[in-house]
Amino acid sequence: QVRLVESGGGLVQAGGSLRLSCAASGSIFSIKTMAWYRQAPGKQRELVAYITGGGSTNYANSVKGRFTISRDNARNMVYLQMNSLKPEDTFVYLCNIYATHYWGQGPQVTVSS
């Protein structure tokens with residue numbers, strides 16, 4: 001049974017930082033590409049960043065230079081460090097095993113101006 005459990009969302013002022021964490025179950029975690037998406041109510045999910053099992057990363061243009069995705073394969077964890085947050089970064093953020101239907105519950109991130 002694959003399970004993704006996120007933590008770390010909340011309310012922050014513009015310019016601030018938050019770190020999201022995603023704990024994944026399953027022994028195959030280390031070989032899987034992991035991703036963070038974000039979604040506003042009634043809108044499509046937007047890919048924020050992904051990281052391969054080997055550590056290669058890719059980011060949406062809107063977050064490049066501000067967000068950093070990382071992983072700890074020994075702990076089955078993936079992280080999203082979000083710096084210089086803007087009000088337009090306000091979304092539900094979802095952890096995902098890339099290209100699968102396995103999703104976390106999605107913590108809310110709200111950035112106030």
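Just need a number here: residues in segment 24-38 that are under 11 Å from the mean Cα position of the chain (by Cα) and not hydroxyl-bearing (Ser, Thr, Tyr). Talk me through it step by step, then tell me what you get.
So in segment 24-38, the residues under 11 Å from the mean Cα position of the chain (by Cα) come out as 34-38.
Filter again for not hydroxyl-bearing (Ser, Thr, Tyr), leaving 34-36, 38.
The total comes to 4.
GLY42 - would you say it is over 18 Å from GLY106 (Cα atoms) and over 15 Å from the mean Cα position of the chain (by Cα)?
On the way: over 18 Å from GLY106 (Cα atoms): no; over 15 Å from the mean Cα position of the chain (by Cα): yes.
Spelling it out, it is not the case that GLY42 is over 18 Å from GLY106 (Cα atoms) and over 15 Å from the mean Cα position of the chain (by Cα).
Could you pull out every one of the strands (runs of 3 or more DSSP E) wholly within segment 1-108 that has 1 or more residues that are touching a Lys or Arg at 6+ places or on another chain (Cβ under 7 Å) and surrounded by 15 or more Cβ atoms within 10 Å (Cβ to Cβ)?
Details: elements: 4-7, 10-13, 18-24, 34-39, 46-51, 57-59, 67-72, 77-82, 91-97.
Passing ranges, in order: 34-39, 46-51, 77-82, 91-97.
If you check LEU80, LEU47, LEU94, LEU85, which single one turns out to be at pLDDT 95 or above and closer than 17 Å to ARG3 by Cβ?
Just a single option satisfies the conditions, and that option is LEU94.
Take VAL109 and decide whether it is among the hydrophobic types (A, V, I, L, M, F, W, C) and in contact with a Gly (Cβ under 7 Å, 6 or more places away or on another chain). Spell out how you get there, then give the answer.
Values: among the hydrophobic types (A, V, I, L, M, F, W, C): yes; in contact with a Gly (Cβ under 7 Å, 6 or more places away or on another chain): yes.
Criteria met by VAL109.
The values are calculated or read from the model by the stated rules, or taken from the named source; none is laboratory data. Because the structure is predicted, anything quoted here is derived from the model rather than measured. Note that each Cβ is placed from the backbone with ideal geometry, even for glycine, and that neighbours are counted across all protein chains shown.
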